[in-house]
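Peer 1: One structure coming up, written as structure tokens, with questions to follow.
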Amino acid sequence: MTDRIHIHETVEKSQGRLQTRCLRASTSLNDYLDWLGVAQVIQYRYTDKNLKTGEETSKVHYGITSLSPEAASAEYLLALRRGHWSIENKSHWMRDTLLGEDASPVRCGAIPEVMAALRNTALSVFRFAGITRIADKMNISLQNLNSQLI
């Protein structure tokens with residue numbers, strides 16, 4: 001008996017780009033995998049086309065999940081995957097790029113955890129204040145601080 005492959009695809013056009021995301025989920029390989037709790041195997045395809053230049057990039061990722069097809073359709077799994085990247089973009093990228101976490105020389109004891117908590121608190125304060133373009137706001141704040149110090 002062959003299991004059906006469940007497919008969900010989204011296409012978004014934004015900022016001069018056409019992005020296509022396709023997730024395929026199947027239970028066909030479950031009996032062949034030596035992985036406790038596997039319920040579905042997934043294939044994720046992402047294509048990003050620059051509409052100005054025509055340049056196109058594609059990525060294919062594979063994965064497994066313990067969520068059954070009844071608990072998680074292909075559409076739901078694609079939404080979960082996108083949700084993960086919103087966390088990455090809202091927190092980790094901001095901490096790494098904007099607040100210089102990766103470049104920090106602090107490596108001893110509990111200090112890295114304390115600094116991470118302070119960075120998260122700073123980002124939370126901006127978000128609580130309703131600021132969505134934190135990078136722009138921080139740049140203005142840093143410029144103001146530098147002009148006051150001079």
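Peer 1: Pop out the carbon and sulfur fraction of the accessible area of the range 1-130 as a percent, whole number, probe 1.4 Å.
Peer 2: Details: 5280 of 9360 Å².
Accessible surface attributable to carbon and sulfur in the range 1-130 totals 56 percent.
Peer 1: Local charge sum around Glu101 (other residues, Cβ-Cβ under 13 Å, Lys/Arg +1, Asp/Glu -1)?
Peer 2: Here the count lands on 0.
Peer 1: Spin-label point model (7 Å from Cα, Cβ direction): what's the Gln15 to Lys52 distance in nm?
Peer 2: 1.2 nm
Peer 1: In Å, what Rg and Dmax follow from the Cα atoms of the chain?
Peer 2: Reported Rg and Dmax, both Å: 21.2, 75.
The values are calculated or read from the model by the stated rules, or taken from the named source; none is laboratory data. Just so we're clear, the structure is a prediction, and the values are computed from it rather than from any experiment. Positions of Cβ are generated from backbone atoms using ideal geometry, with glycine treated the same way; all protein chains shown enter the neighbour counts. These accessible areas exclude ligands, DNA and RNA; they are computed on the full protein's heavy atoms, side chains included. Shrake-Rupley method; radii C 1.70, N 1.55, O 1.52, S 1.80 Å.
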